[in-house]
Amino acid sequence: AGPAVLRETVTLYGRIVPNADRVREVSARFEGAIRSVEAAPGDTVREGEILARIESNESLQPYTIAAPIDGVVTERSANTGEQTAGRRLFTIVDTSSVWANLSVFLGDRPRVRAGSAVTLTSTLGDTSVQGEISYVSMLADASQAVTARVELDNAGGQWALGTYVTAEVVVDEEEVPLAV
């Protein structure tokens, strides 16, 4: 028995998704024929590394497309012999920072706020981390839930994209002089 801090929590569920600030969609600067492709989905690339070689339709001069950031190629829609056709050729994601997007039902929305402390745990139970809610959406989705976001350092790669998580969000705290 003694003084303690009582915490009320709400359990939320969500998924690990790319940090949208660290995603780059790569297209060709000039229309042309794709002469070679150097990167495939799943490849880790460094900023400046060549992704593809293109021959310009106008000048017939070759040029390269380089990775704009360090990251993982998550999508490739470029194949040798095709035209660039103004489309996205690669998507690169820097996974050193990821978001946990949590579903908050509207009944809990007034209590879950930016700055709220949160404990995130992988549904596999192998990874757990402390953080705080950085953003709560004002728009409900089809399930009548809003999104609360937690930004996570993922330099060690412990959070795989698409992983499901459980979150315990602190919605109220009270210091009491005596608790048993």
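Measuring between their Cα centroids, the range 18-54 and the range 130-180 lie 33 Å from each other. Ligands, DNA and RNA are left out, and with a 1.4 angstrom probe the accessible area of the range 75-174 is 52 Å² per residue.
Between Asp153 and Glu31, the contour length at 0.36 nm per residue exceeds the Cα-Cα span by 40.2 nm.
Eigenvalues of the alpha-carbon gyration tensor of the range 1-59, scaled by 5 and square-rooted, set the equivalent ellipsoid semi-axes at 51, 12, 10 angstrom, largest first. Relative to the Cα centre, the charge distribution of the chain, modelled as +1 at Lys and Arg Cβ and -1 at Asp and Glu Cβ, gives a dipole magnitude of about 420 debye.
Computed from the mean reciprocal separation of all distinct C-alpha pairs, what Kirkwood hydrodynamic radius does the chain have, in Å? Walk me through the intermediate numbers first.
On the way: mean 1/r = 0.0527 Å⁻¹.
Mean inverse Cα-Cα distance, inverted, gives 19.0 Å.
Less than 15 Å Cβ to Cβ from Ser36, Lys/Arg counted +1 and Asp/Glu -1: what total charge do the surrounding residues give? That sum, taken over residues with Cβ under 15 Å, equals -2. Here the chain exposes an accessible surface that is 49 percent carbon and sulfur, computed with a 1.4 Å probe and the other protein chains kept in place.
GNM on the chain, alpha-carbon springs under 10 angstrom: the most fluctuating residue among Pro110, Pro68, Pro18 is Pro110. For the range 8-48, the residues whose amide N sits under 18 Å from a probe point set 7 Å from the Cα of Ser134 along the beta carbon direction are 14-24.
The values are calculated or read from the model by the stated rules, or taken from the named source; none is laboratory data. All figures in this text were calculated on a predicted structure; none of them were measured in a lab. When we count neighbours, we look across all protein chains shown, and the Cβ atoms used for this are built from the backbone with ideal geometry, even at glycine. SASA here: full protein model, heavy atoms, side chains in, ligands and nucleic acids out. Shrake-Rupley method; radii C 1.70, N 1.55, O 1.52, S 1.80 Å.
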